[in-house]
Each structure stands twice: as structure tokens, then as C-alpha cells.
Amino acid sequence: MNIHFSTVGIVGSGAMGRGIAQICAQAGSQVVLLDAQPGAADAAHTAIVAQWQRQAEKGRLDAAHVAVLRERLHTAATLDELAHCNLVVEAIVERLEAKQDLLAQLEALLAPGAVLATNTSSLSITAIGAALQRPERLAGFHFFNPVPLMKVVEVVAGLKTDPAVCATLSAYARDLGHTPVQAQDTPGFIVNHAGRGYGTEALRILGEGVADVATIDRILRDQVGFKLGPFELLDLTALDVSHPVMESIYHQYYEEPRFRPSVITAQRLAGGLVGKKVGEGFYRYADGVAHISPEPAVPVVADADMPPVWVSPRAARRAELYQLLKDLGARIETGTSPSPQALTLVAPLGFDVTTVAVVERLDPARTVGIDMLIEDAATKRRVLATNPATRVDMRNAAHALFARDGKPVSVIRDSGGFVTQRVVAHIVNIASDICQQGICSPADLETAVTLGLGYPLGPLAMGNRWGPTNILEVLFNLQTVYGDTRYRPSPWLRRRGAIGLSLLHEEE
């Protein structure tokens with residue numbers, strides 16, 4: 001099959017439909033925009049043209065080209081006016097029956113060689129195509145908002161989709177200036193599936209009382225490099241959008257624990273605290289700016305009151321931690337066990353501070369944990385954790401010591417895997433299982449997540465960066481601490497982590 005999509009129909013003139021129409025016209029296709037709501041297609045036409053005119057005013061387009069683009073953009077009042085299109089993209093409401101009905105009507109109108117595409121983000125392509133006489137001509141063509149700026153599109157094959165349809169849609173996506181990624185027909189496809197790890201694990205951390213919203217956001221921005229913290233992101237996307245997606249993917253995977261939603265978002269959605277667009281979500285907003293409480297002040301501890309520091313022999317990055325303590329001017333004990341006056345530091349992977357103190361027979365009142373999954377030089381924040389018995393003076397001493405060079409320090413309550421370890425490991429584990437299931441290639445996964453979610457690294461590269469073996473250890477230990485199959489390692493990660501192989505490595 002070799003189709004040149006010279007004429008493209010778009011059904012649905014919401015933000016997604018408008019965006020798709022805009023980029024298709026810019027790529028050279030004639031575009032016909034249709035919406036069942038009277039006047040909606042005309043309003044969308046006006047909005048698209050106004051955007052081109054604004055670009056012309058800024059010098060990004062010339063006036064002559066705007067005139068050419070306007071000639072490519074048309075509206076229709078009935079489905080019959082799409083009969084000459086060789087590609088029609090459906091971008092209507094996310095209801096299976098509505099999509100099936102529309103696409104069946106389009107199938108009867110279009111030429112046999114025309115392609116049908118659905119922009120669904122959560123419904124099965126196979127299920128949508130079940131109502132068609134020729135389901136092989138249907139594929140998913142899932143863009144992300146705002147379409148002109150989000151340069152990735154998921155091309156999704158249903159069980160009966162002709163591979164040539166996906167190949168042609170992928171080629172067309174490149175003509176549109178987008179990067180196509182190939183996905184199998186599974187809940188959430190690639191991006192929404194891979195994105196389950198970030199928010200759901202942060203919500204579990206919040207629900208356990210480990211840290212407040214602002215602290216969790218600060219840690220994940222400053223330690224890992226995420227552009228937005230998970231709660232900033234949830235406020236931006238809005239819970240009336242994100243919570244149903246959490247529930248949908250969870251239920252479509254028959255209550256897979258890795259995707260378990262949170263009662264926190266369900267309750268806030270019920271209360272109308274959905275996010276920035278209503279002025280209140282996890283943060284309160286005034287004129288679109290979040291009100292964020294300031295960080296707690298660094299405790300003042302006189303040098304004479306600063307205890308010596310003893311480091312557990314099992315601490316992660318122990319040599320690096322020793323050098324950091326020297327740089328901060330700490331008095332370091334090197335005996336086989338801490339003195340009665342010492343601040344005892346542990347740096348576990350996956351375990352909580354309480355477990356380590358008990359296993360290593362340390363005095364929990366003087367024991368504080370530090371997250372050393374990521375090398376200190378690569379982070380903009382240090383994270384300490386106390387256990388329920390940690391004395392206030394020891395907590396304050398640790399906080400003051402690690403803040404001596406001006407780097408921010410967050411002190412959280414005890415948690416298996418602190419914050420960063422838990423969230424990173426969960427992201428890497430879900431991504432690994434996407435590869436294990438053959439939903440997409442490792443390369444397409446990395447592309448989809450970096451372009452679609454804006455992560456600082458793809459999830460598999462993230463696992464490689466901080467060590468598949470370390471991520472594996474975090475997950476095994478989290479499963480021990482919490483007794484939850486949510487943290488069971490994917491076979492993809494377990495096998496590669498066990499033999500020190502790159503997570504991007506595909507079997508021959």
C-alpha cells in the first residue's frame with residue numbers, strides 16, 4: 001500500500017482536532033474539518049487561521065504563506081463531504097460506541113484504499129475496529145497536546161491492522177515534523193503506560209506521610225532533574241483528566257498492582273480540587289502562580305555540639321560519602337562500631353532506616369539515613385531520613401552538617417527507598433515490563449517518553465545511568481519492606497540487572 005495523504009479529514013474540532021488539522025495543512029495536505037456541534041468546525045477554522053496570523057506577525061511565517069495555508073483548510077457540515085479523503089482521523093469523545101459508529105459510517109463512504117485513524121488515548125484499537133468490515137485499514141494515530149509542540153505520535157496497530165497502514169502513517173507523521181513510535185494495542189499504549197510510575201508512586205509516598213507535597217516535588221526536581229514535580233504535573237494536567245486515566249489503565253490490566261491508583265486523587269477529584277485551572281489542586285493558585293510554603297530553615301548547631309559521624313560499612317557509595325563528610329568538615333569515626341556519642345549514618349538501597357538499624361544492631365535514636373542512589377555531585381539536593389526513634393538533636397545535627405556547603409537538604413520520615421529511589425525504580429520497572437511484553441522496542445520507548453513526558457532521561461537510560469543492579473536491589477528490598485507485589489521486578493530488569501547488561505539491550 002502506498003498512499004499519499006493529499007486530502008485529510010479530521011472529525012472533532014476540539015484542541016486535539018485543531019492541532020492535527022493545523023499540522024496537516026502545514027505539511028501540504030488539503031484538510032477538511034468536521035464537528036457534529038453546529039458552528040464548532042468554523043470556530044476551529046478561525047482559531048487555526050488566527051494562530052497562523054500571529055506567527056506571521058512574529059516573523060515566523062510570511063503573509064503569502066498564510067494565504068496558501070488558508071486555502072488548504074476547509075470545513076464540512078456532513079460526513080458525505082469527507083468521501084474524497086484518503087485519510088480520516090477521528091478525534092471525538094472517548095466513548096467506544098461513539099467511535100465505532102462514526103468509523104463504520106466513514107468506512108462506507110471512503111474509497112477502499114483510504115485509511116482510518118483514531119486519536120484515542122485509552123481505548124483499544126482492536127475493539128474500535130471490531131465494528132468495521134475491514135478493520136485492517138484502521139490504526140491508532142495518537143498525538144499529544146499541544147499537537148504542534150509535542151513532537152511525538154504513537155502509531156498503534158490493532159490485532160487486524162495491516163502493517164502497511166502503520167508504515168504509511170509513520171511516514172506521514174515524519175512529513176508532519178513529528179517522530180512516530182510504533183506501539184502494540186495495549187492499555188495506555190507507550191506514553192500513558194510508562195507514565196504510571198511517576199505520579200502513582202509519589203501519591204503512595206504522600207499517603208504514607210513520608211513528606212509533604214512541596215518536599216516531594218523539590219526532591220524529584222532537584223535530585224533527578226524532572227522539569228515538574230509529580231504534584232505540579234497533576235495540577236497542570238488536572239485530576240478530572242489524570243485520575244480517570246489512572247483508573248482506566250489499572251482496570252484494563254485487571255488490577256495490576258504496579259498501576260494502583262490512589263484514594264488521595266479520588267477524594268480530591270470528588271471535592272473539585274482538580275488543579276491549576278480551578279485555582280486549587282495540590283497547591284493553591286493566585287493569578288496562575290502556585291503558593292508554595294518556604295522550606296524549613298536549616299537548624300543552627302554550634303560546632304562544639306556537632307557529634308562525630310560514623311558511617312555504616314554497608315552504605316551505598318560509601319567512599320563517596322566519606323569524601324563528602326570530609327569536605328563538609330565532619331569529625332569521622334572509623335571504628336568497627338559507633339561510639340555512644342556518634343551520629344550514625346546509613347545509606348540503604350530500598351530498605352528503610354528502621355530495618356537497617358535493626359539488622360545492623362545500631363542505636364535507632366542516633367541513626368539517620370541519606371539517599372545515595374545518585375552521586376552527590378549530580379544532584380542539587382540532599383535527602384535525609386529519620387526513623388521513628390531518631391532524636392531531634394541527631395536529626396538537627398545531620399541536617400546542619402549536610403547543609404554546610406549551601407546545598408539544600410530535605411529531611412523526610414522513614415520510607416523504604418526514600419523518595420527518589422522509589423519513584424525512579426518504579427518508572428524503570430514499568431518501562432522494563434513494557435519491553436518484556438513487546439509493546440514497543442526499547443528505542444521507541446525511550447523516544448516516546450522523552451518527547452511525550454519530558455523526562456530528563458528515557459526510563460531505560462535512567463536505569464542504566466544509576467545501575468540496573470542498584471535498581472533491582474531497590475525493588476527487591478522495597479518488596480521486602482512493604483510486602484507488596486507492586487514492587488516485584490520485571491523479568492526484563494531482573495535478568496539484565498543480574499548479569500550487568502544494558503536495559504536497552506534487545507535479545508537476538
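The values are calculated or read from the model by the stated rules, or taken from the named source; none is laboratory data. No experiment lies behind these values; they were computed from the predicted model shown. In this analysis, Cβ positions are derived from the backbone assuming ideal geometry, glycine residues included, and neighbour counts consider all displayed protein chains. These accessible areas exclude ligands, DNA and RNA; they are computed on the full protein's heavy atoms, side chains included. Shrake-Rupley method; radii C 1.70, N 1.55, O 1.52, S 1.80 Å.
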Query raised in the report: For ASP235, all conditions in the list (1) open to solvent by 30 Å² or more (accessible area, probe 1.4 Å); (2) touching a Phe, Trp or Tyr at 6+ places or on another chain (Cβ under 9 Å) hold save one; what is the number of the exception?
Result: (1)
Requested in this report: Return the pairs, sorted by first residue and then second, in which the second residue is open to solvent by 30 Å² or more (accessible area, probe 1.4 Å) and in a helix (DSSP H, G or I), the first residue lies in segment 260-281 and is under 13 Å from GLY207 (Cα atoms) and of a type in the set (A, V, I, L, M, F, W, C), the beta carbons are less than 7 Å apart, and the residues are 6+ apart or on different chains.
Outcome: ILE264/LEU206; ILE264/GLY207
Query raised in the report: In segment 336-350, which residues are in contact with a strand residue (DSSP E or B) (Cβ under 9 Å, 6 or more places away or on another chain) and closer than 30 Å to PHE476 by Cβ?
Result: SER337, PRO338, ALA342, LEU343, THR344, LEU345, VAL346, ALA347, PRO348
Query - Top-ranked residue of segment 389-404 - restricted to ones that are surrounded by fewer than 21 Cβ atoms within 10 Å (Cβ to Cβ) and out of contact with any helix residue (DSSP H, G or I) (no Cβ under 7 Å at 6 or more places or on another chain), ranked as farthest from GLY329 (Cα to Cα) - result: VAL392
Requested in this report: From (1) under 30 Å from LEU343 (Cα atoms); (2) touching a residue at least 40 places away in the same chain (Cβ under 8 Å); (3) of a type in the set (Gly, Ala, Ser), pick out the condition that doesn't hold for GLY467.
Outcome: (2)
Query raised in the report: Do you know which residues across segment 154-179 are open to solvent by less than 20 Å² (accessible area, probe 1.4 Å) and acidic (Asp, Glu)?
Result: GLU154
Report summary line: Within segment 238-261, residues being assigned to a loop (DSSP other than H, G, I, E, B) and open to solvent by less than 20 Å² (accessible area, probe 1.4 Å) number 1
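Could you list, in sequence order, the residues of segment 391-445 that are hydrophobic (A, V, I, L, M, F, W, C), closer than 30 Å to VAL309 by Cα and assigned to a helix (DSSP H, G or I)? It would help to see each step written out before you state the result.
Filtering segment 391-445 for residues hydrophobic (A, V, I, L, M, F, W, C) gives 392, 394, 397-398, 400-403, 409, 411-412, 418-419, 423-425, 427-428, 430-431, 434-435, 439-440, 443, 445.
Now restrict to residues that are closer than 30 Å to VAL309 by Cα: 392, 394, 397-398, 400-403, 409, 411-412, 418-419, 423-425.
Residues satisfying the conditions are VAL392, MET394, ALA397, ALA398, ALA400, LEU401, PHE402, VAL423, VAL424, ALA425.
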Requested in this report: Say whether the condition of being assigned to a loop (DSSP other than H, G, I, E, B), over 22 Å from ASP212 (Cβ atoms) and in contact with a Pro (Cβ under 8 Å, 6 or more places away or on another chain) is met by at least one residue in segment 359-376.
Outcome: yes
Query raised in the report: What are the residues in segment 449-502 that are over 18 Å from VAL191 (Cβ atoms), buried (at least 22 other Cβ atoms within 10 Å of the Cβ) and of a type in the set (A, V, I, L, M), if any?
Result: ILE471, LEU472, VAL474, LEU475, LEU478, LEU493
Requested in this report: Take the residues in segment 14-31 that are open to solvent by 10 Å² or more (accessible area, probe 1.4 Å) and not in a helix (DSSP H, G or I), then tell me which one is nearest to LEU110 (Cα to Cα).
Outcome: GLN30
Report summary line: Residue pairs within 7 Å by beta carbon, gap of at least six or interchain, first lying in segment 283-311 and under 30 Å from ALA330 (Cα atoms) and touching a residue at least 12 places away in the same chain (Cβ under 8 Å), second open to solvent by less than 70 Å² (accessible area, probe 1.4 Å) and among the hydroxyl-bearing types (Ser, Thr, Tyr), listed first then second, are PRO308/SER339; TRP310/THR344; VAL311/TYR322
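Would you call ASP414 open to solvent by less than 50 Å² (accessible area, probe 1.4 Å), acidic (Asp, Glu) and within 24 Å of SER293 (Cα to Cα)?
Yes; evaluated as a whole, the condition is true for this residue.
I need the full set of residues from segment 32-53 which are outside any loop (DSSP other than H, G, I, E, B) and of a type in the set (D, E, K, R), in order please. Don't jump to the end; show me each part of the working.
Narrowing segment 32-53 to residues outside any loop (DSSP other than H, G, I, E, B): 32-34, 40-53.
Answer for segment 32-53, where residues must be outside any loop (DSSP other than H, G, I, E, B) and of a type in the set (D, E, K, R): just ASP42.
Are there any helices (runs of 4 or more DSSP H) wholly within segment 54-140 with 2 or more residues that are open to solvent by 20 Å² or more (accessible area, probe 1.4 Å) and of a type in the set (A, V, I, L, M), and if so which?
Working: elements: 63-72, 96-109, 125-129.
The helices (runs of 4 or more DSSP H) meeting that bar are 63-72, 96-109.
Against the definition (modelled with pLDDT of 95 or more, out of contact with any Leu (no Cβ under 6 Å at 6 or more places or on another chain) and at positive phi), how does PHE143 come out, yes or no?
Working: modelled with pLDDT of 95 or more: yes; out of contact with any Leu (no Cβ under 6 Å at 6 or more places or on another chain): yes; at positive phi: no.
No; evaluated as a whole, the condition is false for this residue.
Name the residue, out of LEU451, LEU501, that is touching a Ser or Thr at 6+ places or on another chain (Cβ under 8 Å) and not hydroxyl-bearing (Ser, Thr, Tyr). Even if it seems obvious, please write down each step before you answer.
On the way: LEU501 fails: touching a Ser or Thr at 6+ places or on another chain (Cβ under 8 Å).
Result: LEU451 is the single residue among LEU451, LEU501 that is touching a Ser or Thr at 6+ places or on another chain (Cβ under 8 Å) and not hydroxyl-bearing (Ser, Thr, Tyr).
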Report task. Identify the single condition in (1) open to solvent by 10 Å² or more (accessible area, probe 1.4 Å); (2) closer than 24 Å to LEU239 by Cα that PHE189 does not satisfy, given that it satisfies every other one. Result -> (1)
Query raised in the report: Is it true that GLY416 is within 30 Å of ALA297 (Cβ to Cβ) and without any contact (Cβ under 8 Å) to a residue 24 or more places away in the chain?
Result: no
